[in-house]
Structure formats: structure tokens, C-alpha cells
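Okay, structure first, notes after.
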Amino acid sequence: MSDAEQPTDASDVTDVREEETVSDDEFEPVQVFPESEEMDLRPGSDDCYKCSTCDTNCPVAEVDDDFPGPKFQGPEQWRLKRKEDHDVDDSVMSCSNCMRCDSACPSDVPLSQMHNTARGEYVEDQMEKFSREYVRNRILANYRTMAELGSKVPRLTNFLMGNSLVQAANEKLLGITAEREFPEFAEETFREWWDERGGPQVRSEDKRVAYFHGCYSNYNTPEVGKAMVRLFEHFGYEVVVPVQRCSGTPMFANGMLDDAKRAAGVNVENFSGLVEEGYDVIASCTSCSMSLRQEYPELFSYDGTASVAAHTYEALEYLRLHEDLEGALESAEVDAGEFAYHAPCHARNQGLAGQAVELLDGLSGANAEDVGESCSGISGTYGWKEEKYETSMKIGEEMFEHMEETDAETGMTECPTCAMQMEHGTGYEIRHPLEVLEEALVGEGSN
Amino acid sequence: MAIEDDVTVIGGGIAGMTAALAAAREGAAVRVLSHKDSTLRSASGLVDVLGYPPRSSDDERGEGSASEESETTPDGPLADPFDAIPALPESHPYRTVGVEGVREALTLFDEVVGDRYRGGHTDRNALVPTHGGAVKPTARYPASAAEGLASDDRNALLVGFETVTDFDAPLAAAHLESAGVPFVARGATVSFPGDFRVDAKITRLADALDADERVSIEGDGYTTELPARKALAETVKPHLRGEARVGFPAILGQHETEAVRADLESELGAAVFEVPMGPPSLPGMRLEGAFLAACRDAGVRFTTGNPVVGYEEDDSGAVAAVRVERNGATIPFHADQFVLATGGLVGKGIDSDREGVEEPIFDCHVPHSGDRYDWFADDAFGDHPFARFGVETDDELRPLDAGGEPEFENVRAAGAVLGGYDFAAEKSGSGVSLATGRTAGRSAASEVTTYE
Ligand SMILES: Cc1cc2nc3c(=O)[nH]c(=O)nc-3n(C[C@H](O)[C@H](O)[C@H](O)COP(=O)(O)OP(=O)(O)OC[C@H]3O[C@@H](n4cnc5c(N)ncnc54)[C@H](O)[C@@H]3O)c2cc1C
Ligand code: SF4
Ligand code: SF4
């Protein structure tokens, strides 16, 4: 079959868009739990046969002797809780929501869903709302609010955040580690750039995507979003950028389920209409795509949640499926050099771990070496917490070492916080695969 | 649309990885699609070829299977598995690949694992003590288990840890003795030195030994810090009564097993071995790591984390692509040839419910009796037909439909998804996976015409 062949008629089985959004009995987690207000995870917990495979795959349990591991957090916690007088154990706050345990379990126990709901319950019922921890977590989880303010006066904010006095105060008052440097805010956000250029430059009836840029590529690394837009337009796609909120990833990880639910509501509403009009959703951050794909349908039941999930893709994955990306790369060339590539946990879980390395294999002038299976350790907001900083760096150690063992002096990953950790641990500059592909296929100088 | 390979292997267990490796070495572009980790992570890490002759297999598998099988009873462990292969029923996968096929597969295995495994110098089965205190005939065993062989007559002390509950050393020792081993076995239970959680993961203990972390141990009224390996030896010493070898559950490091063992040996003045354990199994994980590395070196691509749920046919009725399910959408992976290595009832390659038994991806024919009550023997340890459920194949390992014709020209099957053998009863699990994986991978690659 030719690589460039495009599905034309609607009945073509190879057209992934024609897929039923949710196959009737195969996948609809919400329907397992009838009243989704009051979750009952018993069916999942009964599936656990205590093989401990999840525990051996948990990066936190590997370095933190006090963390009882996913098997306890998931099935055992739910079993205990069924006997009324048991509260959710506070150790659930030490889970970083990397979701590795999910893919490890041979019995399909919905571990991360259990952790997310348990964490939500813990924060709701047991956490003191005026505590330093709660306030700090709330601030971290709602990064977007902070970023929105910060990006209004990027230079001032960058100056302030880079100021060691401010950092020391953050650590003392809020418990945000002073070891890390705050990511810089861009002078111009992605959305500002988008409006400035006048929105989509390509219009198409049948090749259309809606971009979920997330917070980070909007406020901090708009170059990633720009590269993505140029790349998709190069392949003839109409790109639209609907109004959106945070994907919810940091909120899940901090048990702020109400915040996450509100954000998800906005996102599902704005994207599901577009899906109906034939747009697919693409994201350049693998935690954002994970959230839309898996966590939304696991935790919320807004109309359209399932169809947004089924139509969400990671950007590179999407191009590989619909275009002859490998063919295009074969005849292209860049001067990018060697990269040490780290697959984020949330890319791994989506089955995307090898993709960037595979793609660069076929491109002359660039090469990516996979630095292995270890977790980077930062897990979004996790590594920002003063009390978790050390655990986070211990988890990351293996990745740092492997990065340094490669010939590369530059790192590569799809996840913005993994990128932060990679840079923090090695001093390497980190790039997103989209940037390299854009350089190869579109070239510099376009707007 | 555009993900395309020469050979796509479905399943990342030992059968799938062997098929992928064999095909890649023939020059094909190979991708492995795997949903979960393989059962290797739970398996002992021992590589059995054939430990016992199969039991009577007069045909309870129902329609479609045309074998005349002799009545045999399990009569003790087999000394030489290769010797016994020609006498197996014709439907057995070993008969399909032949003795040579089995030997070639073991050669491939030996090359992948290098000096991590023993047993390659002889055709004879080795007898390895298991964590339950049984003695298991096996063809290849981890180097770390070598000093523990049951055919060796040196006395042995087995050491268990209070917190590693799967290994009860005194009980295992008693079992070994009653199994008639030619040495005296004794067991002792100690607490793992250092301040680890009661439910510490065995990987955590293994890491401590790998890194030789300093741990604190209690002396006579004082506490002292020692490197973990030395501390462990100190804990064991008082229990040693002149035994020439000491066996530990298989938790002696994830990566530095040989160094850990060497340090323990010099501290204890005795040979040290690991006793293979149940899940999660470090020897199984180490073996998986060795195969993954070999596959990567050969250029095999891996796409993991999501299940294959169906396929697309081309005009000629061959399989054009398989489809991977991902949260409601399915994503096609195209290839010229496919290898089905999804495991058996445990690996989820064969599914059963009250209505019947099926192979869920290609819906290949799985011979079984229409009457559910025929799937089991009355005796719990009896000869259960369900243990042999799986697809039947032609000489090239292509699954056969109910009429005995290949289901698809370009699909082959390997490993536990195959029928006609009972890996648990005959102790042949990894051997069948290796042998059929290699054959399937090679013949798939030889069909591929589009070499670059
Ligand atoms: C507890 C235990 C102990 C054992 N001990 C021994 C021993 O001591 N010696 C020995 O020789 N053998 C032993 N075995 C048996 C041996 O491990 C198996 O026979 C052998 O590993 C089977 O390998 P396989 O590759 O065919 O299948 P599996 O290892 O089961 O691999 C199947 C793979 O396919 C994947 N898969 C399944 N369905 C799909 C799908 N739809 N899409 C994508 N991927 C899919 C699975 O995720 C898995 O990775 C043991 C097995 C178990 C369970
Ligand atoms: S991996 Fe799954 S079945 Fe095994 S202990 Fe963890 S939750 Fe239970
Ligand atoms: S989500 Fe990650 S950190 Fe949390 S329990 Fe699972 S594996 Fe461990």
C-alpha cells in the first residue's frame, strides 16, 4: 500500500476518523461506575491478584522507602475504605501520577483512576484548606492563572522569579523548592503570535485539526506551538486554535478535582463542537493528550468527552498516521546533530515511546538516541515541591547519567516539565521533536 | 496510513521477541506491537525445553484435530529433552519445527544471553531447585543458580527472609530432602539487614545490594553501619554450619548479580546461588532485558502500551494491517507479514468464556469441544484439555481454519498461543516459545520481498 494514499470514501475502513467514537461495550469506563458522582472502584480492585508488577514499575517506590506503592494506593486502599472507618491514606499525595503502574498491570486494574479519585477525596475531606501545603498545591496546580499574570509583564516576572531572594521566600513561605529556576515567560505568547498572524493561513474542507496548545507552549515555549502550526500547514492542514483552559494534568496530580472538572468542562465544550465538524484534536504536550484521551473519560461525563478522547492525537503521531512523514523526511536534511531523547511517561503510556527516535532515524543531519526507560522524576508539579525535590532528583539520576553517556549535547523530549528536569540535571539545552521536523521540512523564515 | 513495516509481530513476550529478532537478522524491517509486559516478568527465568513427556492426549480437543496420539504417562523427569522430541504427538509444536529447529533456537538464545546463562554445554536437562523446594528439569538456567543444582552433592543452607514471604527456607529445604536430593539441606529464616519497610519490594532489596548501600545493623548492644552485601553475610554467618553452599531467594541485585554473589561468597567462604522465584521475578526481568537489548541492536522497533484488536484485509484476503486500540480510536499498522505471539490463556492471546474459546485478534479457529464440561478433567491435577487450547498450524506455523486450510497466507503463530502442548505439565514453556518464535520470524522474513 502506498504511503501517501489518503482515504477517500467514508466507508474506507482505514480511515481512523470514521471509527465509532466509543465502541459499545469495549471501552466506556464511566459506565462501569453508574453514578459517577460516587465512584465505586470495587470491580477494578477485585481484578487485582497481587502480583506486585505495578510496584516494581513505580519510580517513586523505587527511591522512596516510605511510599507504599501503587498496589497499596489502588486496590488495597479501596478495599480498606469499604470498611467505613478508614480514611484515604496520606501517602497517596506522594504518588506523582506518572501512570506507569497502569500499563504495568497485567490485569487491567485502573490504578491511576483509583489514585486520582482517592487523591481527590483526600484533598477534599482531609486536607486543611488553609495549610501551606494546600495553598502551595493549589498555586502549582493552577499554573495557568499564575502564567497568565506573569506573561502580561514577562520581563518583570522573569526578573523576579530568577531572583534568589524571591526564590528563598517561595521556599520558606510556600514550600516551592529554591533549587529550581522558574521557566521563563516568553515575550509574546503563542496566542498573541497566532492573533498577530491572523489565525489560520491554510483553509481546508477535509484536512482540519484543532490545536490544544496547553499552558506551557502558550506562555513559555511558543516556538513549539509555532513549529507545529507551520508543519501542519505545510502538509495542507487547516489549523484552528479554540479557546481553552489547562488540560487538568497538574490538578489531577494534586487532587484538585473540582478545578480539573471545571477546566475539562470548558475544553470538552470547545473541542467537541469542532470534532463534530470534522476536526481532530492534536496536542504537542504528551501529558495534555493523555489527559484528554484517558483521564477525562475516566473521571468526567460531560457530553462529548468520549468523542474528544477518541479524536485526540499527539501531533507527530497524527502526521505519521495521515501523511507520508517518513517519506518526506527521507528527502530532507537538517543541521541539527545528535540528541539524547527521553520518552515521557505519558508518551510511553500512549504507545508513543519510540516514535521520535524512529522518525529521526530517517532524517539526515539529525539523530536521536533513546536514553532508556527511566522516569525523569519531575512529574509536572511534583518536583517543584520542597519536600519532593530530592525524590524527584533521585528518580531522575538514571536519566541524567544516560544522557551524559550519549554522544549528544542536546536533549529532546515532548514533555515540557521533563524538559525542565533534563535541563536542570544536565545543563543541556532541550528541544521538542516538532521543532526539528519543522526545521527539516518547512525551514526557517516562514511566519 | 503510513506506519508500514515488513514484518509486524504482535506480542512482546519471549516468543514475540525471538520472532522479531530472527526476522530482523534476516534483514527485514520489524516492529513489535505489545500491549503489556510479557509473562517473563512473572516466570522463573528458567528456560525449559521438555521436562516431562506429555500425558495421554487422546483427543478431547474436539473437532478439527486429527492426531493419533500414543498413551503415555508422566514417568519422571526427562534426562535428554531432544531425545524425546521425535516421540511427541504430531500436533505438538516441536514436531512442526523439528529437533533442528529447537536446537537452532537455543543457539540463538545462548547468543543473546551470553554468560548470563548456563546449560549450553550439554543436551541433558539440569535439575534446579525451585522456591517451593521442588526440583525442576530445565535446559538453561541463570548463571546465578548454577551452584544450586540438585545433582550436586554438596550440603546446602537455604536462607529466607522474614519479609520475603514467597520463600520459606526451612520448608523448601525439607521438600528438597524429601524429593531425594543427594545432599543435606537446611533452612534458616533471617531478617534482611537494614531498616527497610516490612513490605519492601524485592526490587528495593535488590537495589540495595546492587549499590551496596550502607545499612545499619544491630550488634551486641550497639548499632553499626555496613555495606549491604557485607551486612547480609554477617547476618547469615551465625547460621552456617559448614555447608559448602548457600542459597538465597532470587533477589541478589537487578544488574550486579554476579558481583553481589562474588562478594557474598568471599565473605561466607561458601558458594552462593539464587533460587528462582515467582512473580515479580528478577531472573525473568533480567532475561527480558537481555532480549530487549538484542532486539534493539538488531533494529527492531517497539510500539507498546495498547492492544491490537483487529485487522484489515487486502483484496486477496491476506492481512494488510492490524489495528491498535487507543481510547476509542483504532490505529492501523501495515506490514507484509504478521506473527501472532500473544500468549495463551495467561498472556491473553486465547480468550475463553462460558460459550467457547477464541483467538480474539484474527478470530483464528481454536479447536475445542462444544461442551464446556469437556474442557476440564475431573481431577484438579488431571490432564485438562484446556491447558492445550490454542491455534493449530501448518508446517509453516500458519494457523489453520476449521477446514484445515491456512486462515491467512501471511500470518504465522508462535509461543503460548499455539495449541497441542501443555507447558505447565510437560515443562516446555520457554522452549516452545523460542523454537516457534524463531521459525515463524525466519519464515515471515523470507516472504518479504521489499528489502531496502
Ligand atoms: C508464573 C509463570 C511461571 C512460569 N515458569 C516457567 C518456567 O519456569 N520455565 C519455562 O520455560 N516457562 C515458564 N513459564 C511459561 C513461559 O513463561 C511461557 O510459556 C512463555 O513465556 C510464553 O511466552 P509467549 O511469548 O508465548 O507469551 P507471553 O509471555 O504471554 O507474551 C504475550 C505477549 O503478548 C501481548 N499481547 C497479548 N494480547 C495482545 C494484543 N491483543 N495486542 C498486543 N499485545 C498483546 C502480551 O501483553 C504479552 O506481552 C511460566 C509462566 C508463568 C505465567
Ligand atoms: S499489577 Fe495489577 S494485579 Fe498486580 S498487584 Fe498491581 S494492581 Fe494488582
Ligand atoms: S502513578 Fe506513578 S508514582 Fe503513582 S503509584 Fe503509579 S507508578 Fe507510582
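The values are calculated or read from the model by the stated rules, or taken from the named source; none is laboratory data. What you see is a predicted model; the values in this text were computed from it and never measured. As a convention, Cβ positions derive from the backbone with ideal geometry for all residues, glycine included, and neighbour counts pool all protein chains shown. Heavy atoms of the whole protein, side chains included, go into the accessibility calculation; ligands, DNA and RNA do not. Shrake-Rupley method; radii C 1.70, N 1.55, O 1.52, S 1.80 Å.
Based on what the data block shows, is B:A66 at pLDDT 95 or above, assigned to a loop (DSSP other than H, G, I, E, B) and more than 15 Å from the chain's Cα centre (by Cα)?
Spelling it out, it is not the case that B:A66 is at pLDDT 95 or above, assigned to a loop (DSSP other than H, G, I, E, B) and more than 15 Å from the chain's Cα centre (by Cα).
With the checklist (1) over 21 Å from B:A185 (Cα atoms); (2) in contact (Cβ under 8 Å) with a residue 60 or more places away in the chain in hand, flag the one item B:A320 doesn't pass.
Here B:A320 clears every test but (2).
I'd like to verify a number: residues in the range B:406-419 that are of a type outside the set (K, R), outside any helix (DSSP H, G or I) and touching a residue at least 40 places away in the same chain (Cβ under 8 Å), how many?
The initial filter retains those residues of the range B:406-419 that are of a type outside the set (K, R), namely B:406-411, B:413-419.
Of the ones still in play, those that are also outside any helix (DSSP H, G or I) are B:406-411, B:413-414, B:418-419.
Pick out the ones that are also touching a residue at least 40 places away in the same chain (Cβ under 8 Å) and you get B:407-411, B:413-414, B:418-419.
Within the range B:406-419, residues that are of a type outside the set (K, R), outside any helix (DSSP H, G or I) and touching a residue at least 40 places away in the same chain (Cβ under 8 Å) number 9.
Which condition number does A:L325 fail, the rest of (1) closer than 29 Å to A:A440 by Cα; (2) open to solvent by 10 Å² or more (accessible area, probe 1.4 Å) being met?
(2)
Looking at the range B:290-320 only, could you name the residues that are of a type in the set (A, V, I, L, M, F, W, C), within 30 Å of B:L108 (Cβ to Cβ) and more than 7 Å from chain A (Cβ to nearest Cβ)?
B:A290, B:F291, B:L292, B:A293, B:A294, B:C295, B:A298, B:V300, B:V308, B:A318, B:V319, listed by residue number.
Does A:D89 satisfy the criteria of being open to solvent by 30 Å² or more (accessible area, probe 1.4 Å), more than 10 Å from chain B (Cβ to nearest Cβ) and either of a type in the set (V, I, T) or within 15 Å of ligand 3 (Cβ to nearest atom) (or both)?
yes
Go through the range B:236-252 and give me each residue that's within 20 Å of B:L282 (Cβ to Cβ) and not charged (D, E, K, R). Let's see the steps before the verdict.
At the first step, the residues of the range B:236-252 found to be within 20 Å of B:L282 (Cβ to Cβ) are B:236, B:245-252.
Passing the criteria: B:V236, B:V246, B:G247, B:F248, B:P249, B:A250, B:I251, B:L252.
Table: residues versus (1) assigned to a loop (DSSP other than H, G, I, E, B); (2) at negative phi; (3) touching a strand residue (DSSP E or B) at 6+ places or on another chain (Cβ under 6 Å).
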| position | (1), (2), (3) |
| --- | --- |
| B:D395 | yes, yes, no |
| B:G404 | yes, no, no |
| B:Y421 | yes, yes, no |
| B:R438 | no, yes, no |
| B:S443 | no, yes, no |
| B:S446 | no, yes, no |
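Quick check: anything in the range A:346-354 more than 9 Å from chain B (Cβ to nearest Cβ), out of contact with any Cys (no Cβ under 7 Å at 6 or more places or on another chain) and among the charged types (D, E, K, R)?
no
Do we have any residue at all in the range B:324-342 that's assigned to a loop (DSSP other than H, G, I, E, B) and touching a residue at least 12 places away in the same chain (Cβ under 8 Å)?
Taking the range B:324-342 as the starting set, the residues that turn out to be assigned to a loop (DSSP other than H, G, I, E, B) are B:327-328, B:341-342.
With touching a residue at least 12 places away in the same chain (Cβ under 8 Å) added as a condition, the list becomes B:341-342.
Yes, the conditions are met somewhere in the range B:324-342.
Quick check on B:A228: is it in contact with a helix residue (DSSP H, G or I) (Cβ under 7 Å, 6 or more places away or on another chain), open to solvent by less than 40 Å² (accessible area, probe 1.4 Å) and either under 21 Å from A:D55 (Cα atoms) or within 11 Å of another protein chain (Cβ to nearest Cβ) (or both)?
No; evaluated as a whole, the condition is false for this residue.
Going by the conditions given, is A:L359 out of contact with any Cys (no Cβ under 7 Å at 6 or more places or on another chain), buried (at least 22 other Cβ atoms within 10 Å of the Cβ), within 30 Å of A:G278 (Cα to Cα) and modelled with pLDDT of 90 or more?
Details: out of contact with any Cys (no Cβ under 7 Å at 6 or more places or on another chain): yes; buried (at least 22 other Cβ atoms within 10 Å of the Cβ): no; within 30 Å of A:G278 (Cα to Cα): yes; modelled with pLDDT of 90 or more: yes.
So A:L359 does not fit the description; no.
Across the range A:204-241, what is the number of residues that are part of a helix (DSSP H, G or I) and in contact with a Pro (Cβ under 6 Å, 6 or more places away or on another chain)?
1
Just to be sure, is B:F167 closer than 22 Å to B:P238 by Cβ, in the same structural domain as B:F248 (by TED's automatic domain parsing), within 16 Å of ligand 1 (Cβ to nearest atom) and touching a Phe, Trp or Tyr at 6+ places or on another chain (Cβ under 8 Å)?
Judged against the criteria, B:F167 is a match.
What is the number of the single condition among (1) over 16 Å from B:A19 (Cα atoms); (2) within 13 Å of chain A (Cβ to nearest Cβ) that B:E267 does not meet?
Only one criterion in (1) over 16 Å from B:A19 (Cα atoms); (2) within 13 Å of chain A (Cβ to nearest Cβ) is unmet by B:E267, namely (2).
Among B:E234, B:E274, B:E243, B:E218, which is acidic (D, E) and buried (at least 24 other Cβ atoms within 10 Å of the Cβ)?
Just one listed residue meets the conditions, B:E274.
Are there any pairs with C-beta distances below 6 angstrom linking a residue in the range A:97-125 that is without any contact (Cβ under 8 Å) to a residue 12 or more places away in the chain to a residue that is within 7 Å of ligand 3 (Cβ to nearest atom) and part of a helix (DSSP H, G or I), with the two at least 6 apart or on different chains, and if so which?
Here the result reads none, with nothing in the range A:97-125 linked to a residue that is within 7 Å of ligand 3 (Cβ to nearest atom) and part of a helix (DSSP H, G or I).
Give me a count of the residues in the range B:4-42 that are assigned to a loop (DSSP other than H, G, I, E, B), surrounded by fewer than 24 Cβ atoms within 10 Å (Cβ to Cβ) and either more than 16 Å from ligand 2 (Cβ to nearest atom) or hydrophobic (A, V, I, L, M, F, W, C) (or both).
Qualifying residue count for the region: 3.
Looking only at the range B:332-359, which residues are within 11 Å of chain A (Cβ to nearest Cβ) and in contact with an Asp or Glu (Cβ under 8 Å, 6 or more places away or on another chain)?
Matches in the range B:332-359: B:P332, B:F333, B:H334, B:A335, B:D336.
Return the residue satisfying two criteria in turn: it lies in the range B:114-147 and is part of a strand (DSSP E or B) and open to solvent by 50 Å² or more (accessible area, probe 1.4 Å), and of such residues it is nearest to B:M285 (Cα to Cα).
Initial filter on the range B:114-147 (part of a strand (DSSP E or B)): B:117-118, B:126-129, B:135-138, B:140-142.
Okay, now just the ones that are also open to solvent by 50 Å² or more (accessible area, probe 1.4 Å), so B:118, B:127.
Working: B:R118: 17, B:L127: 22 Å.
Of everything passing the filter in the range B:114-147, B:R118 is nearest to B:M285 (Cα to Cα).
Can you tell me which residues in the range A:314-345 are within 8 Å of another protein chain (Cβ to nearest Cβ) and part of a loop (DSSP other than H, G, I, E, B)?
A:E323, A:D324
Go through the range B:43-57 and give me each residue that's within 30 Å of B:L149 (Cβ to Cβ) and either within 14 Å of chain A (Cβ to nearest Cβ) or assigned to a loop (DSSP other than H, G, I, E, B) (or both). Before the answer, list the steps.
To start, the set of residues in the range B:43-57 that are within 30 Å of B:L149 (Cβ to Cβ) comprises B:43-55.
Of everything in the range B:43-57, those that are within 30 Å of B:L149 (Cβ to Cβ) and either within 14 Å of chain A (Cβ to nearest Cβ) or assigned to a loop (DSSP other than H, G, I, E, B) (or both) turn out to be B:A43, B:S44, B:G45, B:L46, B:D48, B:V49, B:L50, B:G51, B:Y52, B:P53, B:P54, B:R55.
Cβ-Cβ under 6 Å, sequence separation 6+ or interchain: first residue in the range B:154-174 and in contact (Cβ under 8 Å) with a residue 24 or more places away in the chain, partner open to solvent by less than 60 Å² (accessible area, probe 1.4 Å) and among the acidic types (D, E). Which pairs?
B:N155/B:E243; B:A156/B:E243; B:L157/B:E243
May I ask you to list pairs of residues, at least six apart or on different chains, whose Cβ atoms are under 6 Å apart, with the first in the range B:187-206 being within 14 Å of chain A (Cβ to nearest Cβ) and the second being in a loop (DSSP other than H, G, I, E, B)?
Close Cβ pairs satisfying both conditions: B:R197/A:D65; B:V198/B:T163; B:I202/B:I251; B:L205/B:F192; B:L205/B:I251; B:A206/B:I251; B:A206/B:G253; B:A206/B:Q254.
How about the range A:92-115: which of its residues are more than 15 Å from A:D47 (Cβ to Cβ) and near ligand 3 (Cβ under 9 Å from one of its atoms)?
Scanning the range A:92-115 gives A:V92, A:S94, A:C95, A:S96, A:N97, A:C98, A:M99, A:R100, A:H115.
Filter the range A:299-311 for residues that are buried (at least 22 other Cβ atoms within 10 Å of the Cβ) and more than 8 Å from chain B (Cβ to nearest Cβ) and give the result.
Correct list: A:L299, A:T305, A:V308.
Of the numbered conditions (1) touching a residue at least 24 places away in the same chain (Cβ under 8 Å); (2) within 14 Å of chain B (Cβ to nearest Cβ), A:G377 satisfies every one except a single condition; which is it?
Going through (1) touching a residue at least 24 places away in the same chain (Cβ under 8 Å); (2) within 14 Å of chain B (Cβ to nearest Cβ) one by one, A:G377 breaks only (2).
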